[in-house]
Amino acid sequence: MMVFLLLAALVPQQVLIATPRGQVSIPVMSERGAAAVAGVLLGQPLGLTMSLDGSAVRVTLGNRTFDFDLGSPFVRYEGAAYPLVGAPYVARDTVFLPLHWLTDHVPRLLASRYHWDPWLARLDEVAIAATPPAPSAAPHPRTGLRMAHTIVVDPGHGGIDPGNPGLHFPRGLTEKDITLGIGRLLRAELQRRGLSVVLTRATDTLIDLANRPLFCRADCDLFVSIHVNSMPVGRRQTQVNGVETYFVSDAKTEDQKRVAQMENDALRFESAPAVIAGGPLGFILNDLQLNEYLRESARLAELVQTKVAEIHPGEDRGVQQGPFLVLAAARRPAIIVETGFATNRNDGAFLASALGQHKIATAIADGIVAYLVEFERKLAIGTGGGQAR
Ligand SMILES: [Zn+2]
């Protein structure tokens, strides 16, 4: 029986697997089905073996064992379960496994042994002699975190898309300037806490909504997008104020629909909006609900919202949900922080000030660290390998 890997999105033409014993380039093959997934043949020289017993699929890679169940979007490894984008299945006497497992979980769980390069679609097996002693690293003195984490910070809008102009920003500032200012400060605050950071933009340029999540790949744990809110003309326009944090889901209220529509509207500045204007969002939402990202995103949103609300002069508007295109494709816990209202005088002054931006960046960083500490604790309990502190 052969082993295939499924690929739910971003189909490379081929996957290169390079090991000290040689390398092989594997073409991607199309698999017809509801989700139009594709498969690639996996074989030598990776040293992978597979057994099928009823619905239980056991895969060994080197001397490590991964357990799958047909039809279930999870993989178990050393006592912990990890979500997959898609479930393994059998067709034409062949087992299909989600490529997500090979490109995400293998390089993360066996980080000392394998490295996945998403741009080259290449999995490298590192020679054992070069293995760094990463798993038992000492906790970071400031955060207590033991693992390496990479955060993608996404300053909203940019270039020809100014975002919302607001009523109360001085000197012709617009949303794109505020988000970039906070984004850069957030990078510095996260780095100070020992975390790696990727900015989707570090200058005044426009990155298409569909391309922003592409920054969040194998070496990415969280996706955090920064925006500024605004109210439409009307009685409440200048009164409404405060901070709210979104994760992706269906919008439940008119306010949530307004904010999602406003942020998704950046599409009109893009060169080729037709690609996602038709909106595979329904499909992506269903897909997200298959895995744990939704629940994790809600928890991340809660922790960040709590921290930012503590330092914000405006109201605590709580955790919200909406169908944000930029969050839907991240395939990681992902949130949008609407850092305040440009249509409110107090919020506008706070957002435009260096002190306000610094306070917001620091609070978001604290919320992210609180989430990661919780995440590492859960992982340690799941694997039974944690030290209680
Ligand atoms: Zn925005």
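Data for the structure
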{"quantity": "Residue within the stretch 189-203 that is surrounded by fewer than 22 Cβ atoms within 10 Å (Cβ to Cβ) and modelled with pLDDT under 85 present", "calculated": "no"}
{"quantity": "Qualifying helices (runs of 4 or more DSSP H) (wholly inside the stretch 292-383; at least 1 residues being closer than 30 Å to P98 by Cα)", "calculated": "293-311, 325-328, 354-383"}
{"quantity": "Odd one out for D177, checked against (1) at pLDDT below 95; (2) within 16 Å of the ligand (Cβ to nearest atom); (3) more than 19 Å from the chain's Cα centre (by Cα)", "calculated": "(1)"}
{"quantity": "Cβ pairs under 7 Å, 6+ apart, first in the stretch 223-247 and closer than 18 Å to P213 by Cα, second among the aromatic types (F, W, Y)", "calculated": "Y246/F324"}
{"quantity": "Scope the stretch 150-164; condition within 11 Å of the ligand (Cβ to nearest atom) and farther than 22 Å from A188 by Cα; matching residues", "calculated": "D161, P162, G163, N164"}
{"quantity": "Complete set of residues in the stretch 180-201 that are in contact with a Phe, Trp or Tyr (Cβ under 6 Å, 6 or more places away or on another chain) and more than 16 Å from the ligand (Cβ to nearest atom)", "calculated": "V198"}
{"quantity": "Whichever residue in the stretch 338-358 is in contact with a helix residue (DSSP H, G or I) (Cβ under 6 Å, 6 or more places away or on another chain) and open to solvent by 20 Å² or more (accessible area, probe 1.4 Å) and, among such residues, is nearest to M231 (Cα to Cα)", "calculated": "F350"}
{"quantity": "The stretch 51-71: number of residues that are assigned to a strand (DSSP E or B) and more than 18 Å from Y82 (Cβ to Cβ)", "calculated": "3"}
{"quantity": "Those residues of the stretch 87-126 which are under 19 Å from G54 (Cα atoms), of a type outside the set (K, R), part of a loop (DSSP other than H, G, I, E, B) and modelled with pLDDT under 75, in sequence order", "calculated": "D93"}
{"quantity": "In the stretch 232-248, the residues that are within 16 Å of the ligand (Cβ to nearest atom), modelled with pLDDT under 95 and more than 24 Å from S297 (Cα to Cα)", "calculated": "P232"}
{"quantity": "Filtered residues of the stretch 48-88 (kept if among the β-branched types (V, I, T) and surrounded by fewer than 17 Cβ atoms within 10 Å (Cβ to Cβ))", "calculated": "T49, T60, T65"}
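Here's the yes/no breakdown for (1) crowded, with 21+ Cβ neighbours inside 10 Å; (2) modelled with pLDDT of 85 or more; (3) of a type in the set (G, A, S):
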{"residue": "V259", "(1), (2), (3)": "yes, yes, no"}
{"residue": "R268", "(1), (2), (3)": "no, no, no"}
{"residue": "I284", "(1), (2), (3)": "no, no, no"}
{"residue": "L290", "(1), (2), (3)": "no, no, no"}
{"residue": "L300", "(1), (2), (3)": "yes, yes, no"}
{"residue": "G318", "(1), (2), (3)": "no, yes, yes"}
{"residue": "I335", "(1), (2), (3)": "yes, yes, no"}
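Residues are listed down the side, and each one gets a yes or a no for (1) within 15 Å of the ligand (Cβ to nearest atom); (2) over 12 Å from the mean Cα position of the chain (by Cα); (3) closer than 25 Å to A370 by Cβ; (4) not in a strand (DSSP E or B):
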{"residue": "F169", "(1), (2), (3), (4)": "yes, yes, no, yes"}
{"residue": "L173", "(1), (2), (3), (4)": "yes, yes, no, yes"}
{"residue": "T203", "(1), (2), (3), (4)": "no, yes, no, yes"}
{"residue": "D208", "(1), (2), (3), (4)": "yes, yes, no, yes"}
{"residue": "C220", "(1), (2), (3), (4)": "no, no, yes, yes"}
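The values are calculated or read from the model by the stated rules, or taken from the named source; none is laboratory data. Predicted model only: the values in this text are computed from it and were never measured. Please note: Cβ atoms are built from the backbone with ideal geometry, for glycine as well, and neighbour counts cover all protein chains shown. All accessible areas refer to the heavy atoms of the entire protein, side chains included, with ligands and DNA or RNA removed. Shrake-Rupley method; radii C 1.70, N 1.55, O 1.52, S 1.80 Å.
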